[in-house]
Structure formats: C-alpha cells, structure tokens
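J.: Take a look at this one; I'll ask things after.
The values are calculated or read from the model by the stated rules, or taken from the named source; none is laboratory data. Every value quoted in this text rests on a predicted model; they were computed, and no experiment measured them. Here the Cβ is made from the backbone with ideal geometry for all residues, glycine too, and neighbour counts use every protein chain on show.
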Amino acid sequence: MKNIGHCLGEVSWYTKNKKKNMKKAIIDIDNTLWHFCDVLYERLRKINKAIPGPHKWVEWDFWEEYCSKEDFIRAINEIHLNQDNKKHVPYSESRDFLKTLKEHNFYIVVASHRTPESIEQTHRWLIKHDLMFDEIYLSHDKTVLFEEGCHIVVDDAPYILEKAAEKGAIASGLMFPLEQAQRQ
C-alpha cells in the first residue's frame, strides 16, 4: 500500500514501514544510484552540439554558454519524466548497497531534486530495478530531511553533504569532476 503526500512543490511516496527504532538514510538518485551525467550530456547535445562532456563540468553553471535555463531545466525534467526508460539503469552496486542498509535496520529515503510530476516514473524505476526504499522524497530542498534521526546521507552534491555533516550525519558520495572542483 502506498501513500503520497504533497506540500508546496514537494512530494513524498512512502510505505507503511515503521520508522520507530530505525536509523534514517537519505540517498540521492542522480549520479548516486545511476549515472545521470551521460544521459544529460546526450540530451544537451541535442540542444547544442558544442557543449563539453561531463569530464569538463567543473562548475554548476557549465551549461550557461550553451543553452538557456529553460532548455537546461526542460532537459533534466524530460530525463526524470522518462526515468523508467530501459536505457536508464542503476549502477551495478546500487541494489546491494540499499539491501545492506535495510539489513542494518535503516529506513531508506530516496531523495532527489525533481519535480513532483516525476514521482510515478521514479517509483516505477526503483521497483523495476529492485532498489529497496521506504520513502521517495522529491523536492528542491533535501536538507529538511536532515533533522530528526538522520544517520547517513549519500549524495553527489558537496553542499548537500556539508549540510548533512553540519547536522551530525555521516555524509558520503561519489566524486565527479564537478564535485571534485567544488571540494578544492
């Protein structure tokens, strides 16, 4: 049985699993459970063939010389709205990673900076690939999840990891050129 809650541009899908006595893990999707950058690059190349590859994305505004903000946001949203595309597969380690968290009594919140309209596609993708979770949280502010009982945050964005660490959570993530440049 599922429940979907909406609040000011945020959407959350959750199971009836009890959170009591469970540690909370906040897990990002894009570039954490699957390789989003390459798909985004393909989409942006349709807008402007001159856009550099992900290995050169060292600033968050890498796209500004190559497309409008509207085109960039549209490209991201189209990917998220087609998340359950057969080409969009998780990293090979994702299933075991989430399974291990469950085995260690974690309540898993899969959180992403996505629009609420992509909740069903996101849910289908997680189920299709047997990726364990207790809740899906889509919002442009994941940091609100770092309060009450958050033990671990796994994300690719350095500012998210910094906020998690400030709140006392273990913060970890994959490093891509964009994130490596921000850490330096």
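J.: Can you name the residue in the range 111-142 that is of a type in the set (A, V, I, L, M) and within 23 Å of PHE72 (Cα to Cα) and is also surrounded by the most Cβ atoms within 10 Å (Cβ to Cβ) among such residues?
T.: This residue is ALA111.
J.: Taking into account only those residues within the range 46-72 that are surrounded by 14 or more Cβ atoms within 10 Å (Cβ to Cβ), modelled with pLDDT of 95 or more and part of a helix (DSSP H, G or I), which is nearest to the chain's Cα centre (by Cα)?
T.: In this case the residue turns out to be PHE72.
J.: Could you check the range 73-184 for strands (runs of 3 or more DSSP E) lying wholly inside it with 1 or more residues that are acidic (Asp, Glu)?
T.: 135-138
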